[in-house]
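Enquirer: Have a look at this one before I ask anything.
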Amino acid sequence: MTQAIRIRQPGGPEQMELVDVPVGEPGPGEIRIRHHAIGLNYIDVYFRTGSYPMTLPAALGMEAAGIVEAVGEGVTHLRPGDRAAYASHPPGAYAQARVMPAMCVCKLPDAIDFETGAAMMLKGLTVQYLFKRSLPVEGLVPGDFIVFHAIAGGVGLIAAQWAKALGLQLIGTAGSDDKCALAKSLGAAHVINYSTEDFVARVQEITSGKGVKVVYDSVGKDTFDKSLKCLRPFGLMACFGASSGPVPQFAPSLLAKNSLYVTRQSLFTHLATREVTQAMADDLFAVVASGKVKIRIDQRFALADVAQAHRALESRKTTGSTILIP
């Protein structure tokens, strides 16, 4: 038996319960992993609220790091005793231990501790696919301007540092001066407090009226329309979340003025094969091990206090990454 978080129905943070559940043995293609640290992500909120429907009762959590306890038939890249980390379907990381598919679980380099591993996989792999696999039609080269919303969150702070390492001129937006200052200190070339400034006007000012090649947006409804106005001709609007709500339906003619592109990306489409997952993880591990990207963990909660963690995340009181300790 192990302790794990379950929900019986979708709703608020109070729906999450810490219960005892059986763990069992891994079947073919599976492992059993004992978690040392668990990552908190906004996708967990989407599952909890029912925005992403699940069969109930349901487990939550997409990201963790720990020790492999057992492997099932056919698993060759992991062995019992390996340090490992993952961002993976199905949900279930909010647990002391679990049995899960091995495909997206990667060996964790010795240079990266468990807390960092749990805080970086989903967020870091998200930045990896955005910057390396979700590119504008004209590509990105050093010196290019990009906009990245929610720059002080876990994904955003990784993006600020990685963009600097790539030579990109990242323009980050956040909702307070403190969050903007944090992103600036970690590599954002420019920051905009969207609660006090018109970010469209500031982007046009920063780029001398040319606009940016790409906007990376996890906010959704509140930023979509204005973000389109930040793009140069043939620019890309890359949506990868909707923390403010889903983007309303729009006519394709909205894109015609500058021949714009729009895409809605999902990490787990990119993690569809073992080979691609490992290649993306290797890229992430390398940039973290180099020191060019540091994983900032600003909040820690006990697994039993996960409701408190969700409330902090939804109220935008968090910065950087948040982890749960089982």
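Enquirer: Would you be able to say whether some residue in region 69-76 is buried (at least 17 other Cβ atoms within 10 Å of the Cβ), within 26 Å of L313 (Cα to Cα) and either among the acidic types (D, E) or in contact (Cβ under 8 Å) with a residue 40 or more places away in the chain (or both)?
Expert: No, the conditions are met nowhere in region 69-76.
Enquirer: For region 184-200, what are the residues that are of a type in the set (S, T, N, Q) and part of a strand (DSSP E or B)?
Expert: Once the filter is applied, which keeps residues that are of a type in the set (S, T, N, Q) and part of a strand (DSSP E or B), region 184-200 yields only N193.
Enquirer: Quick check on region 76-85. Is at least one of its residues among the β-branched types (V, I, T) and not in a strand (DSSP E or B)?
Expert: yes
Enquirer: Which is farther than 25 Å from S266 by Cα and touching a strand residue (DSSP E or B) at 6+ places or on another chain (Cβ under 9 Å), of R98, R83?
Expert: Testing whether each residue is farther than 25 Å from S266 by Cα and touching a strand residue (DSSP E or B) at 6+ places or on another chain (Cβ under 9 Å) leaves just R83.
Enquirer: Moving on. Could you list, in sequence order, the residues of region 126-183 that are in a helix (DSSP H, G or I), of a type outside the set (A, V, I, L, M) and under 17 Å from S243 (Cβ atoms)?
Expert: Within region 126-183, T126, G154, G156, K179 meet the criteria.
Enquirer: While we're on this one: Return the only residue of G167, G211, G156 being in contact with a strand residue (DSSP E or B) (Cβ under 7 Å, 6 or more places away or on another chain) and at positive phi.
Expert: Result of the check over G167, G211, G156: G211.
Each value in this text was obtained by applying a stated rule to the coordinates, not by laboratory testing. Bear in mind that the values here come from a model prediction, so they are computed numbers and not experimental data. Here the Cβ is made from the backbone with ideal geometry for all residues, glycine too, and neighbour counts use every protein chain on show.
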